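Notes follow once the structure below has been shown.
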Amino acid sequence: MSKQIIMKKVILKILIIIIALIVIFPLCVLLSTALKSDREIASGFVSLTPEKLLWENIPKAMGMGDWPRYFFNSALITVITVVCSLLINSSAGFAFARLPFKGKNVLFYCAMIGMMLPMQIIMLPVFLQIKEFPLLGGNNILGQGGIGLINNYWGIILPLIAHPFGVFMSRQYYMNFPKELDEAAKLDGCSALSIYVRVYLPLSKSLFATLGLLKTVDTWNQYTWPLLVTNTKEMQTVQLALNAFKGENTVQWNYLMAATIVIILPVLVLFIFLQKYFVQGIVSTGMKD
Amino acid sequence: MKGKVKIAPYCFIAPFFIIFTYFYFVPVFKVIMDSFTDYDMFTKRNFVGLKNYIDLVKDETFILSIGNTFFYTACMLFPALVIGLLLACLIGSSLVKTRYTRMAIFMPHVFSMVAISMIWLYLYEPNNGVLNQILKTMHLRGSKWLRDPEIALFCLAVMGIWKSVGYYMVVFLSGLKGISLQYYEAAKIDGAGPVNTFFHITLPLLKPTTTFLLITGIISSFNVFEQVNIMTGGGPLNRTTTMVHQIYTAGFAEYKLGYASAMSVILLLIVIGISILNFGLTNKE
Amino acid sequence: MKVKRIITMIMALAAVGCTAGCGETKEAETVETKVAEESAEVINLWTRGTETDATGPYLLEAVKKYEEETGIKVNVQFIPHDDVETKWNSAFASGTAPDVIDMGIVHIAGRVNLQHIVPLDEYYESWENRDQLIPAMKDLGMYNGKLYAIAHFPDPQIFAYRKDMFKEAGLDESRAPESWEELLEYAQKLTIKDENGEVTRAGIAVPMENTRFLANILIHQNGAVFADEDANLPTMDTPEAVECIEFLDSLQECSGMLASGNWSESPFFKDSAAMAYIPNGVLKNYLKENPDMKENIGMTACVPGKETATWCGVWFYGVTSQSKNPEMAFDLISYLTSEAVLSSRVEMAGLPSAFRYNEDEYVDLDPEVNQAVMDAIACGYGNPKVSWALLYEKVLDQLTEEVFYDVKTPEEALKDAQESLMSEIE
């Protein structure tokens, strides 16, 4: 019997490892390309094992351009976006889940429609909204006269904050809380705001881990939007900075891949830290109506 | 006290809706209005009635792109869901420790589409790419991959599966954790085998998870764009062009923003239609 | 507990971020008001490519010198080639376009019609370097009788072949093929196929993507055009065009599907193609990194058909209609195309120039290759200057694809292309 279980375990383990290897394979290609010499890249023969592992490619790639600045920009944008979006979306989700008010359903479905169109489609109108943002960047109250939020961190951040998906998930999450929770708080004379802040927010760890991670990945990887909004080198994000390795006719594959690896590290580390809560968060948003 | 209760909920949703209205509803409204004009982004914006929509019906490339989008969704989403579920069941069975493998499988999800596309371009290279070399060592004939009109879209779908399967797995895993162990114990007592248990307990109880992934998955695969733009540019023979790619090229390369807006409206209608259908089906039961 | 700590940390970070962000906003505002007040002091220049391209480093250096000499601040922004249209369009639509843009022939007519670039005749008349601009290059920047763009960098493709492969196939390696018939004959002789009939070495590299360049070369060699610039109409259904596309199709059979559109990864550089049209810069880069290949590669401007012709893209500077100070913008262009700056470019990047004063210097730099480049410039053609040039590129790529994949005959494909262009233009 125990022998059978051991056999089962071994087979299972091997199977899972094989699958993981298949999934990991393209990423190995990424790593091996990153460590090749210019010459090897140019020779055109795509082999998985570099002649020599050139780890110095990674610092070399980071030496081309002002990468600390790009990382700072990306990190700043990501942190502000994630924090703001968590607060805004979860409070809206809380209201939709827990508070009775008129037009609740209509408003909720309105928000849900927002999940359905991709950025590319409304890109130009959104860009004009950024430029015509009232009272900032030299604009008057009607949004005329200046450049609005163009070439400004907020120009990148603001359109990314409101995220219907986050509202949806928060609503699901809070709906699973027992009703007695609010009632007890209400008896204590708490207002909706203090119920949210004192009771719900402290219980939202895993929700925030889940949403935060997804939003971080999403924001960190933005490309087209920062490209449109930023006009100076100082404002570049890491994803835009990758372009430096893609010339008109030549792609410096090794440095491009090396930089890609460095860029992905922060998100990866974050995932490793939050993994447990990430799974928990999805468990408790329930997906069980 | 009563008045306070009435205002409070709106205060909670206000920040979201203000930003959302400014950056989403107003632009979408503009897009819908523009779909009835010959707007070219710069000089003209005249009302042309339904002309854009009539032209769309005759636009073979756009109709092809709708077909491609559906095909991509079918080829990408369903296999990815099935594989994700199977993986979740495999990994979820607590026989072995899987912290690292789980992470490995999830990893592609955190990479940007731009980076992913670069890697897979390298794999799919028709001349001397990694995949062709592997086939060669196995004495099999290489393929043109993305340059072969018959399989190009399929190649994109495989990449999509690869990228999203880890995410689906994690979500299914958490769905599995939500199922009370009592069900399984009861099944064991009834003498149900693993296959039976899977079909009669796991699957039905995972339905909310599946519905959620299905809807969000349909939406995201209908919006597939970046990989198309980077890897194939819609070719060969327009076999990989998708709706969003068509909208993007019409709007930004040909300055036909009115026309592109009409396409966007069609896309919006299709996605809303599918979602309503989906909600309707799940609410019925 | 741990999570709480992480959350507090993130919150703290966010708070710092917010203040930094706000600070940044204020900074941006003050910069903006400054700009508004002293708009005379800042010029924004958008150039295509990246700072690591051959066109990058010299430009940054020149701009720095210009800033030192004049006290004017120049913001240079590099825009990746793939994203140029998107970036320009959103900038022009919102009124945030720069003062000077760098562009190609393909952009001129369209941007003039959209009133995005302004005529430069007034400045040109009193310009000290005007006689030095090669007349053909000046004409390329003209549209509807006015000068809209100053050429600075012609970027032709030249014909290159592998001498060792010629020798191996028993062909005369001392010269390139000299006519279309000979080119096809050579290509067929040089092609190697495996037992399945798949091409393993191409006689000539025909790109499967962006085939429009080669199609453009061949149509001019056949003494015709795909588009009539004066009438602003396509001329795709002519017998010459059919002949040209048929010839292209037969060349493609000697290429299989090997060739990709990414020039630096052309099979020609990977020993898997014997002949190719290659952008000169890419070829030079290759020779720089593989000096031993120099004797092995023969070069000439083109293989003539009825006429000699090759592809020659040209880079221009133009002043946008949204520039607050076009005079100063032209002054920057004048500086960037001055003898000193362009010589430094020849020296640093080895790029040819559109001005007479650099010609000798350029040829002397590397006589063998650069003479071919100069010849190519002399017989080079770019995209037609029509307002629908971007569409022209797309249609041309598509029709060659249809022919290569045997979906349509050359005649059908051209006819359909003509029709679709005609319907789009009205």
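The values are calculated or read from the model by the stated rules, or taken from the named source; none is laboratory data. This structure is a prediction, so every number in the text was calculated from the model and none was measured. All Cβ positions, glycine included, derive from the backbone under ideal geometry; neighbour counts span all protein chains shown.
For the reader, a short list of remarks on this structure follows.
- Screening the candidates B:123, B:131 for the property of being within 7 Å of another protein chain (Cβ to nearest Cβ), more than 30 Å from residue B:202 (Cβ to Cβ), part of a helix (DSSP H, G or I) and not hydroxyl-bearing (Ser, Thr, Tyr) yields one hit, B:123.
- Flag: residue A:166 does not match the condition of being closer than 25 Å to residue B:34 by Cα, more than 8 Å from chain B (Cβ to nearest Cβ) and buried (at least 19 other Cβ atoms within 10 Å of the Cβ).
- Residue pairs meeting the criteria (Cβ under 8 Å; at least 6 apart or on separate chains; first free of Cβ contacts under 8 Å to residues at least 12 places away in the same chain, in region C:84-103; second part of a helix (DSSP H, G or I) and among the hydroxyl-bearing types (Ser, Thr, Tyr)): C:86/A:224
- Exactly one residue out of C:346, C:386 is surrounded by 19 or more Cβ atoms within 10 Å (Cβ to Cβ), within 14 Å of chain B (Cβ to nearest Cβ) and either within 18 Å of the chain's Cα centre (by Cα) or polar (S, T, N, Q) (or both), and it is C:386.
- Scanning region A:230-250 for any residue that is under 18 Å from the mean Cα position of the chain (by Cα), surrounded by fewer than 21 Cβ atoms within 10 Å (Cβ to Cβ) and either within 7 Å of another protein chain (Cβ to nearest Cβ) or in a helix (DSSP H, G or I) (or both) turns up nothing.
Listed here are the residues, each with its yes/no results for (1) at pLDDT 80 or above; (2) in contact with a His (Cβ under 9 Å, 6 or more places away or on another chain); (3) within 30 Å of residue B:249 (Cβ to Cβ); (4) in a helix (DSSP H, G or I).
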{"residue": "A:125", "(1), (2), (3), (4)": "yes, no, yes, yes"}
{"residue": "A:189", "(1), (2), (3), (4)": "no, no, no, no"}
{"residue": "A:193", "(1), (2), (3), (4)": "yes, no, no, yes"}
{"residue": "A:201", "(1), (2), (3), (4)": "yes, no, no, yes"}
{"residue": "A:208", "(1), (2), (3), (4)": "yes, no, no, yes"}
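- Filtered residues of region C:361-394 (kept if part of a helix (DSSP H, G or I) and touching a residue at least 60 places away in the same chain (Cβ under 8 Å)): C:368, C:369, C:372, C:373, C:375, C:376, C:377, C:378, C:389, C:390, C:392, C:393
- Failed condition for residue C:381, given (1) under 26 Å from residue C:298 (Cβ atoms); (2) over 20 Å from the mean Cα position of the chain (by Cα): (2)
- Any hit, region B:151-159, residues being facing chain A (nearest Cβ under 10 Å) and touching a helix residue (DSSP H, G or I) at 6+ places or on another chain (Cβ under 8 Å): yes
- Filter result for residue C:362 (farther than 28 Å from residue C:239 by Cα and touching a helix residue (DSSP H, G or I) at 6+ places or on another chain (Cβ under 9 Å)): yes
- Total residues in region A:190-222, condition over 12 Å from the mean Cα position of the chain (by Cα), within 10 Å of another protein chain (Cβ to nearest Cβ) and hydroxyl-bearing (Ser, Thr, Tyr): 4
- Some residue of region C:265-280 being more than 10 Å from chain A (Cβ to nearest Cβ), in a helix (DSSP H, G or I), in contact (Cβ under 8 Å) with a residue 12 or more places away in the chain and surrounded by fewer than 19 Cβ atoms within 10 Å (Cβ to Cβ): no
- Among the residues making up region B:217-228, those that are among the polar types (S, T, N, Q) and either assigned to a loop (DSSP other than H, G, I, E, B) or surrounded by fewer than 21 Cβ atoms within 10 Å (Cβ to Cβ) (or both) are B:220, B:223.
- Scanning region B:236-248 for residues that are touching a Ser or Thr at 6+ places or on another chain (Cβ under 8 Å) and surrounded by fewer than 22 Cβ atoms within 10 Å (Cβ to Cβ) yields one hit, B:238.
- Looking at A:98, A:69, just one residue is touching a residue at least 40 places away in the same chain (Cβ under 8 Å), under 28 Å from the mean Cα position of the chain (by Cα) and surrounded by fewer than 18 Cβ atoms within 10 Å (Cβ to Cβ), and that residue is A:69.
- Among the candidates B:16, B:42, residue that is of a type in the set (Phe, Trp, Tyr), modelled with pLDDT of 90 or more and either more than 30 Å from residue A:88 (Cβ to Cβ) or surrounded by 18 or more Cβ atoms within 10 Å (Cβ to Cβ) (or both): B:16
- Per-region count, region B:208-229, residues more than 9 Å from chain A (Cβ to nearest Cβ) and among the acidic types (Asp, Glu): 0
- Residue in region C:369-386 that is of a type in the set (Asp, Glu), out of contact with any helix residue (DSSP H, G or I) (no Cβ under 6 Å at 6 or more places or on another chain) and over 30 Å from residue B:149 (Cα atoms) present: yes
- Test: residue in region B:175-190 that is small (Gly, Ala, Ser), surrounded by fewer than 18 Cβ atoms within 10 Å (Cβ to Cβ), within 14 Å of chain A (Cβ to nearest Cβ) and in a helix (DSSP H, G or I): no
- Count of region B:258-274 residues which are in contact with a helix residue (DSSP H, G or I) (Cβ under 6 Å, 6 or more places away or on another chain) and at pLDDT below 90: 2
- Of all residues making up region A:263-277, the number that are of a type in the set (A, V, I, L, M, F, W, C), touching a residue at least 12 places away in the same chain (Cβ under 8 Å) and more than 7 Å from chain B (Cβ to nearest Cβ): 3
- Total residues in region C:169-186, condition hydroxyl-bearing (Ser, Thr, Tyr) and touching a helix residue (DSSP H, G or I) at 6+ places or on another chain (Cβ under 7 Å): 0
- Candidates B:77, B:87: the one that is in contact (Cβ under 8 Å) with a residue 24 or more places away in the chain and either more than 11 Å from chain A (Cβ to nearest Cβ) or more than 30 Å from residue A:167 (Cα to Cα) (or both) is B:77.
- Among the residues of region B:37-62, those that are among the aromatic types (Phe, Trp, Tyr), outside any helix (DSSP H, G or I) and closer than 23 Å to residue B:245 by Cβ comprise B:39, B:42.
- Within region A:1-118, helices (runs of 4 or more DSSP H) holding 3 or more residues that are modelled with pLDDT under 90 and basic (Lys, Arg): A:2-34
- Residue within region C:212-220 that is in contact with a Lys or Arg (Cβ under 8 Å, 6 or more places away or on another chain) and at pLDDT 90 or above present: no
- Qualifying residue in region C:74-91 (condition: surrounded by fewer than 20 Cβ atoms within 10 Å (Cβ to Cβ), under 14 Å from residue A:229 (Cα atoms) and of a type in the set (A, V, I, L, M, F, W, C)): yes
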